[in-house]
Amino acid sequence: MVMNIDGELINSAPSAPIRYEHLWFPGGDVVLKTNTYLFKVHKDVLSLQSSVFKDMFQLELEQTIEGGAGTVGEFYEGLPLVGLAGDEGKDVAHLLQAVYHRDCYDRDSDQTPLETVVALLVLGTKYDFKHIRRDVVKQISRIYPNSLAAFDRIDQGDYLPHVELFGTQRVDCDFRLLEVCHGADADILLPLLYYACADFDVDWIFNKGGLNRDCLRTLLKGKFELQCALSTLLASLPDEFRNISCASCKVGAYISRLQEIGLGSHLVRYEGSVMVFELLGNGCSRCSKMLEHRINDKRQEIWEKIPSFFGFPEWEELYEGSEETSYPMIPYYDV
(Lines give C-alpha, C1' and ligand atoms only; values in the text may rest on other atoms or scores of the structure.)
Protein backbone atom coordinates (compact mmCIF):
# COMPACT_ATOMS: atom_id res chain seq x y z
CA MET A 1 0.00 0.00 0.00
CA VAL A 2 1.10 3.59 -0.68
CA MET A 3 -0.30 6.93 0.41
CA ASN A 4 -1.64 9.62 -1.94
CA ILE A 5 -1.22 13.35 -1.38
CA ASP A 6 -4.32 13.46 0.83
CA GLY A 7 -3.03 10.74 3.16
CA GLU A 8 -5.27 8.00 1.74
CA LEU A 9 -3.87 4.46 1.50
CA ILE A 10 -4.13 2.91 -1.94
CA ASN A 11 -2.98 -0.35 -3.50
CA SER A 12 0.53 0.04 -4.95
CA ALA A 13 0.15 -2.79 -7.48
CA PRO A 14 -0.31 -1.75 -11.14
CA SER A 15 -4.01 -1.40 -11.83
CA ALA A 16 -6.58 0.62 -13.69
CA PRO A 17 -6.87 4.28 -12.64
CA ILE A 18 -9.15 4.86 -9.68
CA ARG A 19 -11.29 7.80 -8.65
CA TYR A 20 -9.56 10.56 -6.75
CA GLU A 21 -12.32 11.22 -4.25
CA HIS A 22 -11.25 14.73 -3.24
CA LEU A 23 -11.38 15.78 -6.89
CA TRP A 24 -14.47 13.86 -7.93
CA PHE A 25 -17.21 16.48 -8.10
CA PRO A 26 -20.87 15.35 -8.47
CA GLY A 27 -21.54 18.20 -10.87
CA GLY A 28 -18.48 17.56 -13.00
CA ASP A 29 -18.98 17.18 -16.74
CA VAL A 30 -15.65 15.66 -17.84
CA VAL A 31 -13.34 12.96 -16.49
CA LEU A 32 -9.57 13.37 -16.69
CA LYS A 33 -7.59 10.14 -16.84
CA THR A 34 -3.99 9.64 -15.72
CA ASN A 35 -1.90 6.54 -15.10
CA THR A 36 -3.23 6.19 -11.54
CA TYR A 37 -6.23 8.46 -10.99
CA LEU A 38 -9.49 9.64 -12.51
CA PHE A 39 -10.74 13.17 -11.81
CA LYS A 40 -14.32 14.31 -12.38
CA VAL A 41 -14.08 18.03 -12.94
CA HIS A 42 -15.73 20.93 -14.78
CA LYS A 43 -14.95 22.00 -18.32
CA ASP A 44 -15.85 25.62 -17.60
CA VAL A 45 -13.58 25.85 -14.57
CA LEU A 46 -10.60 24.46 -16.48
CA SER A 47 -11.36 26.39 -19.68
CA LEU A 48 -11.49 29.69 -17.81
CA GLN A 49 -7.98 29.20 -16.46
CA SER A 50 -6.23 27.13 -19.14
CA SER A 51 -6.10 27.88 -22.86
CA VAL A 52 -4.98 24.31 -23.51
CA PHE A 53 -8.01 22.78 -21.81
CA LYS A 54 -10.24 25.36 -23.49
CA ASP A 55 -8.99 24.29 -26.91
CA MET A 56 -9.14 20.63 -25.91
CA PHE A 57 -12.81 20.78 -24.98
CA GLN A 58 -13.70 22.62 -28.18
CA LEU A 59 -12.40 19.80 -30.37
CA GLU A 60 -14.49 16.90 -31.55
CA LEU A 61 -14.46 14.04 -29.04
CA GLU A 62 -12.76 11.59 -31.37
CA GLN A 63 -10.00 13.99 -32.40
CA THR A 64 -6.49 13.50 -31.08
CA ILE A 65 -5.09 16.51 -29.31
CA GLU A 66 -1.97 17.78 -31.01
CA GLY A 67 1.24 18.03 -29.02
CA GLY A 68 0.49 15.18 -26.61
CA ALA A 69 -1.65 17.27 -24.27
CA GLY A 70 -4.49 14.74 -24.23
CA THR A 71 -6.85 12.54 -26.22
CA VAL A 72 -10.64 12.40 -26.30
CA GLY A 73 -13.15 10.00 -27.78
CA GLU A 74 -13.83 7.66 -24.84
CA PHE A 75 -16.49 7.99 -22.17
CA TYR A 76 -16.67 7.18 -18.47
CA GLU A 77 -20.11 6.86 -16.90
CA GLY A 78 -21.53 8.85 -19.78
CA LEU A 79 -19.02 11.70 -19.52
CA PRO A 80 -16.18 12.51 -21.94
CA LEU A 81 -12.95 10.85 -20.83
CA VAL A 82 -9.80 12.87 -21.52
CA GLY A 83 -6.48 11.06 -21.26
CA LEU A 84 -3.58 13.23 -20.07
CA ALA A 85 -0.66 11.65 -21.85
CA GLY A 86 2.55 11.36 -19.87
CA ASP A 87 1.27 13.03 -16.70
CA GLU A 88 1.59 11.37 -13.30
CA GLY A 89 -1.66 11.13 -11.38
CA LYS A 90 -0.20 12.68 -8.22
CA ASP A 91 1.11 15.65 -10.21
CA VAL A 92 -2.28 16.27 -11.82
CA ALA A 93 -3.82 16.04 -8.35
CA HIS A 94 -1.51 18.83 -7.16
CA LEU A 95 -2.50 20.93 -10.17
CA LEU A 96 -6.24 20.43 -9.72
CA GLN A 97 -6.01 21.08 -6.00
CA ALA A 98 -4.45 24.45 -6.82
CA VAL A 99 -7.20 25.12 -9.38
CA TYR A 100 -10.10 24.30 -7.05
CA HIS A 101 -8.90 24.95 -3.51
CA ARG A 102 -7.10 28.17 -2.57
CA ASP A 103 -5.85 26.84 0.75
CA CYS A 104 -4.03 23.91 -0.86
CA TYR A 105 -1.26 26.08 -2.26
CA ASP A 106 0.34 29.13 -0.66
CA ARG A 107 2.92 30.86 -2.82
CA ASP A 108 4.24 32.67 0.27
CA SER A 109 5.16 29.46 2.09
CA ASP A 110 8.69 28.06 2.20
CA GLN A 111 7.36 24.66 3.26
CA THR A 112 5.34 23.73 0.19
CA PRO A 113 6.64 20.23 -0.67
CA LEU A 114 9.18 20.31 -3.47
CA GLU A 115 7.17 17.78 -5.51
CA THR A 116 4.18 20.16 -5.37
CA VAL A 117 6.24 23.12 -6.54
CA VAL A 118 7.68 21.06 -9.39
CA ALA A 119 4.30 19.64 -10.43
CA LEU A 120 2.63 23.06 -10.46
CA LEU A 121 5.38 24.65 -12.52
CA VAL A 122 5.64 21.79 -15.03
CA LEU A 123 1.90 21.26 -15.52
CA GLY A 124 1.02 24.91 -15.08
CA THR A 125 3.34 25.58 -18.01
CA LYS A 126 2.23 22.58 -20.08
CA TYR A 127 -1.48 23.38 -19.80
CA ASP A 128 -1.06 27.16 -19.75
CA PHE A 129 -2.45 27.89 -16.30
CA LYS A 130 -0.84 31.31 -16.36
CA HIS A 131 -1.82 32.33 -12.84
CA ILE A 132 -0.48 29.10 -11.33
CA ARG A 133 2.79 29.35 -13.23
CA ARG A 134 3.06 33.00 -12.20
CA ASP A 135 2.51 32.15 -8.52
CA VAL A 136 5.13 29.39 -8.57
CA VAL A 137 7.65 31.66 -10.28
CA LYS A 138 6.98 34.31 -7.64
CA GLN A 139 7.41 31.72 -4.90
CA ILE A 140 10.74 30.49 -6.25
CA SER A 141 12.01 34.01 -6.99
CA ARG A 142 11.40 34.98 -3.37
CA ILE A 143 13.62 32.09 -2.28
CA TYR A 144 16.24 32.87 -4.94
CA PRO A 145 16.31 36.71 -4.80
CA ASN A 146 17.78 38.88 -7.53
CA SER A 147 19.70 41.26 -5.27
CA LEU A 148 23.22 40.60 -4.05
CA ALA A 149 22.48 41.63 -0.46
CA ALA A 150 19.50 39.27 -0.26
CA PHE A 151 21.40 36.35 -1.77
CA ASP A 152 24.29 37.00 0.62
CA ARG A 153 21.87 36.57 3.53
CA ILE A 154 20.69 33.26 2.09
CA ASP A 155 24.27 32.04 1.68
CA GLN A 156 24.97 32.90 5.31
CA GLY A 157 22.20 30.75 6.72
CA ASP A 158 19.99 28.77 4.39
CA TYR A 159 22.54 26.08 3.51
CA LEU A 160 23.03 24.97 7.10
CA PRO A 161 22.06 21.29 7.60
CA HIS A 162 19.06 22.07 9.83
CA VAL A 163 17.51 24.62 7.45
CA GLU A 164 14.79 23.24 5.19
CA LEU A 165 13.29 24.62 1.99
CA PHE A 166 10.21 23.07 0.40
CA GLY A 167 10.36 20.25 2.93
CA THR A 168 13.96 19.26 2.22
CA GLN A 169 17.47 20.65 2.55
CA ARG A 170 18.10 23.58 0.27
CA VAL A 171 20.99 21.80 -1.39
CA ASP A 172 18.49 19.23 -2.69
CA CYS A 173 16.32 21.96 -4.21
CA ASP A 174 18.88 23.88 -6.25
CA PHE A 175 19.61 21.34 -8.96
CA ARG A 176 16.06 19.97 -9.16
CA LEU A 177 14.58 23.44 -9.59
CA LEU A 178 17.24 24.39 -12.12
CA GLU A 179 16.38 21.51 -14.43
CA VAL A 180 12.63 22.00 -13.99
CA CYS A 181 12.79 25.75 -14.63
CA HIS A 182 14.97 25.12 -17.67
CA GLY A 183 12.36 22.75 -19.07
CA ALA A 184 9.58 25.25 -18.28
CA ASP A 185 11.44 28.15 -19.96
CA ALA A 186 11.29 30.16 -16.73
CA ASP A 187 14.18 32.35 -17.85
CA ILE A 188 13.57 34.92 -15.13
CA LEU A 189 14.70 32.32 -12.56
CA LEU A 190 17.50 30.58 -14.41
CA PRO A 191 20.47 32.93 -13.77
CA LEU A 192 19.78 32.77 -10.03
CA LEU A 193 19.44 28.99 -10.04
CA TYR A 194 22.61 28.59 -12.09
CA TYR A 195 24.36 30.91 -9.64
CA ALA A 196 23.10 28.84 -6.70
CA CYS A 197 24.39 25.63 -8.29
CA ALA A 198 27.72 27.16 -9.32
CA ASP A 199 29.02 27.08 -5.74
CA PHE A 200 29.17 23.28 -5.77
CA ASP A 201 32.45 21.71 -6.83
CA VAL A 202 32.73 20.11 -10.23
CA ASP A 203 32.85 16.54 -8.92
CA TRP A 204 29.60 17.07 -7.00
CA ILE A 205 27.96 18.64 -10.04
CA PHE A 206 28.90 15.69 -12.25
CA ASN A 207 28.24 12.90 -9.76
CA LYS A 208 25.20 14.14 -7.83
CA GLY A 209 23.73 17.09 -9.71
CA GLY A 210 21.74 14.95 -12.14
CA LEU A 211 21.51 17.71 -14.75
CA ASN A 212 20.79 17.18 -18.42
CA ARG A 213 23.50 17.99 -20.94
CA ASP A 214 22.27 21.49 -21.80
CA CYS A 215 21.99 22.58 -18.17
CA LEU A 216 25.33 21.01 -17.31
CA ARG A 217 27.13 22.77 -20.16
CA THR A 218 25.65 26.15 -19.26
CA LEU A 219 26.41 25.70 -15.56
CA LEU A 220 30.05 24.75 -16.08
CA LYS A 221 30.64 27.56 -18.57
CA GLY A 222 29.08 30.12 -16.23
CA LYS A 223 30.91 28.75 -13.21
CA PHE A 224 34.21 29.17 -15.06
CA GLU A 225 33.43 32.77 -16.05
CA LEU A 226 32.29 33.60 -12.53
CA GLN A 227 35.46 32.18 -11.00
CA CYS A 228 37.57 34.13 -13.49
CA ALA A 229 35.82 37.34 -12.44
CA LEU A 230 36.39 36.56 -8.77
CA SER A 231 40.06 35.74 -9.39
CA THR A 232 40.42 39.09 -11.14
CA LEU A 233 38.82 40.80 -8.14
CA LEU A 234 41.32 39.24 -5.76
CA ALA A 235 44.29 40.00 -7.99
CA SER A 236 43.27 43.66 -8.25
CA LEU A 237 43.21 44.33 -4.52
CA PRO A 238 46.87 45.39 -4.02
CA ASP A 239 46.59 47.98 -6.80
CA GLU A 240 43.16 49.09 -5.60
CA PHE A 241 44.52 49.69 -2.12
CA ARG A 242 47.50 51.66 -3.38
CA ASN A 243 45.18 53.89 -5.39
CA ILE A 244 42.93 54.79 -2.45
CA SER A 245 45.34 54.68 0.51
CA CYS A 246 46.65 57.65 2.45
CA ALA A 247 50.35 58.53 2.61
CA SER A 248 50.83 56.64 5.87
CA CYS A 249 49.17 53.46 4.56
CA LYS A 250 51.15 53.61 1.33
CA VAL A 251 54.26 53.15 3.46
CA GLY A 252 53.14 50.90 6.31
CA ALA A 253 50.01 49.00 5.26
CA TYR A 254 49.97 45.92 3.07
CA ILE A 255 47.75 43.23 1.58
CA SER A 256 48.86 39.64 2.07
CA ARG A 257 47.66 36.02 2.11
CA LEU A 258 45.75 36.35 -1.16
CA GLN A 259 46.79 32.80 -2.00
CA GLU A 260 45.04 31.56 1.14
CA ILE A 261 41.61 32.73 0.03
CA GLY A 262 39.70 29.69 -1.19
CA LEU A 263 38.21 30.35 -4.60
CA GLY A 264 34.51 29.79 -4.04
CA SER A 265 31.90 30.76 -6.61
CA HIS A 266 29.55 32.81 -4.42
CA LEU A 267 30.11 36.49 -3.80
CA VAL A 268 29.36 36.31 -0.09
CA ARG A 269 32.84 34.84 0.40
CA TYR A 270 34.32 38.11 -0.90
CA GLU A 271 32.30 40.59 1.17
CA GLY A 272 34.34 43.74 1.77
CA SER A 273 34.61 43.72 5.56
CA VAL A 274 35.59 40.04 5.52
CA MET A 275 38.29 40.60 2.91
CA VAL A 276 39.71 43.62 4.74
CA PHE A 277 39.85 41.69 8.00
CA GLU A 278 41.59 38.71 6.40
CA LEU A 279 43.93 40.45 3.97
CA LEU A 280 44.80 43.99 5.08
CA GLY A 281 47.56 44.59 7.59
CA ASN A 282 48.29 47.89 9.39
CA GLY A 283 45.66 49.85 7.46
CA CYS A 284 44.11 52.91 9.08
CA SER A 285 40.36 52.94 9.70
CA ARG A 286 39.70 55.38 6.85
CA CYS A 287 41.63 53.38 4.25
CA SER A 288 40.22 50.10 5.55
CA LYS A 289 36.68 51.40 5.13
CA MET A 290 37.44 52.75 1.66
CA LEU A 291 38.87 49.39 0.58
CA GLU A 292 35.83 47.63 2.02
CA HIS A 293 33.54 49.85 -0.06
CA ARG A 294 35.66 49.36 -3.18
CA ILE A 295 35.55 45.58 -2.82
CA ASN A 296 31.78 45.66 -2.41
CA ASP A 297 31.46 47.90 -5.48
CA LYS A 298 33.39 45.31 -7.46
CA ARG A 299 31.22 42.53 -6.04
CA GLN A 300 28.16 44.40 -7.24
CA GLU A 301 29.71 44.80 -10.70
CA ILE A 302 30.21 41.04 -10.86
CA TRP A 303 26.65 40.43 -9.65
CA GLU A 304 25.31 42.56 -12.50
CA LYS A 305 27.14 40.26 -14.92
CA ILE A 306 25.76 37.01 -13.45
CA PRO A 307 23.08 36.60 -16.16
CA SER A 308 25.62 37.09 -18.96
CA PHE A 309 27.92 34.45 -17.46
CA PHE A 310 25.13 31.91 -18.05
CA GLY A 311 24.05 33.19 -21.46
CA PHE A 312 21.16 35.51 -20.49
CA PRO A 313 20.53 39.23 -20.99
CA GLU A 314 21.11 41.70 -18.17
CA TRP A 315 18.85 41.69 -15.12
CA GLU A 316 16.78 44.67 -16.26
CA GLU A 317 16.18 43.30 -19.74
CA LEU A 318 15.41 39.86 -18.34
CA TYR A 319 12.74 41.22 -16.01
CA GLU A 320 11.28 43.62 -18.56
CA GLY A 321 10.84 40.72 -20.98
CA SER A 322 9.11 38.49 -18.42
CA GLU A 323 5.36 37.96 -18.51
CA GLU A 324 5.23 36.39 -15.07
CA THR A 325 3.86 39.49 -13.32
CA SER A 326 1.42 40.62 -16.01
CA TYR A 327 -1.44 38.17 -15.56
CA PRO A 328 -4.68 39.08 -13.75
CA MET A 329 -5.69 37.11 -10.69
CA ILE A 330 -7.98 34.14 -11.41
CA PRO A 331 -10.51 33.07 -8.77
CA TYR A 332 -10.21 29.67 -7.14
CA TYR A 333 -13.20 27.35 -6.95
CA ASP A 334 -14.33 25.37 -3.95
CA VAL A 335 -17.05 23.18 -5.44
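The values are calculated or read from the model by the stated rules, or taken from the named source; none is laboratory data. All figures in this text were calculated on a predicted structure; none of them were measured in a lab. We place every Cβ from the backbone using ideal geometry, glycine too, and count neighbours over all the protein chains shown.
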Kindly list, by first and then second residue, each pair from a residue in the range 261-284 that is under 21 Å from residue 303 (Cβ atoms) to a residue that is in a helix (DSSP H, G or I) and among the small types (Gly, Ala, Ser), limited to pairs with Cβ atoms under 7 Å and residues at least 6 apart or on different chains.
263/231; 265/198; 276/288
Out of the residues in the range 266-280 that are of a type in the set (A, V, I, L, M, F, W, C) and within 34 Å of the chain's Cα centre (by Cα), which is surrounded by the fewest Cβ atoms within 10 Å (Cβ to Cβ)?
274
Just the residues that are buried (at least 19 other Cβ atoms within 10 Å of the Cβ) and of a type in the set (Asp, Glu), please, taken from the range 159-186.
174, 179
Selected residue [surrounded by 22 or more Cβ atoms within 10 Å (Cβ to Cβ), more than 17 Å from residue 132 (Cα to Cα) and not hydroxyl-bearing (Ser, Thr, Tyr)] from 99, 82, 92
82
Please count how many residues of the range 212-222 are in contact with a Leu (Cβ under 8 Å, 6 or more places away or on another chain) and farther than 22 Å from residue 133 by Cα.
1
Here, strands (runs of 3 or more DSSP E) confined to the range 1-109 with at least 1 residues that are over 19 Å from residue 136 (Cβ atoms), of a type in the set (Gly, Ala, Ser) and at pLDDT 80 or above are 79-83
Checking residue 227 against (1) polar (S, T, N, Q); (2) more than 34 Å from the chain's Cα centre (by Cα); (3) over 23 Å from residue 288 (Cβ atoms), the condition it does not meet
(2)
Look through the range 141-187, keep the residues that are free of Cβ contacts under 8 Å to residues at least 40 places away in the same chain and among the acidic types (Asp, Glu), and return whichever of them is nearest to residue 268 (Cα to Cα).
158
Elements of type helices (runs of 4 or more DSSP H) contained in the range 136-238, each with 1 or more residues being under 26 Å from residue 276 (Cβ atoms) and either out of contact with any His (no Cβ under 9 Å at 6 or more places or on another chain) or in the same structural domain as residue 269 (by TED's automatic domain parsing) (or both)
148-157
Which condition breaks for residue 112 when tested against (1) surrounded by 17 or more Cβ atoms within 10 Å (Cβ to Cβ); (2) part of a helix (DSSP H, G or I)?
(2)
I need the full set of residues from the range 235-265 which are β-branched (Val, Ile, Thr) and buried (at least 17 other Cβ atoms within 10 Å of the Cβ), in order please.
255, 261
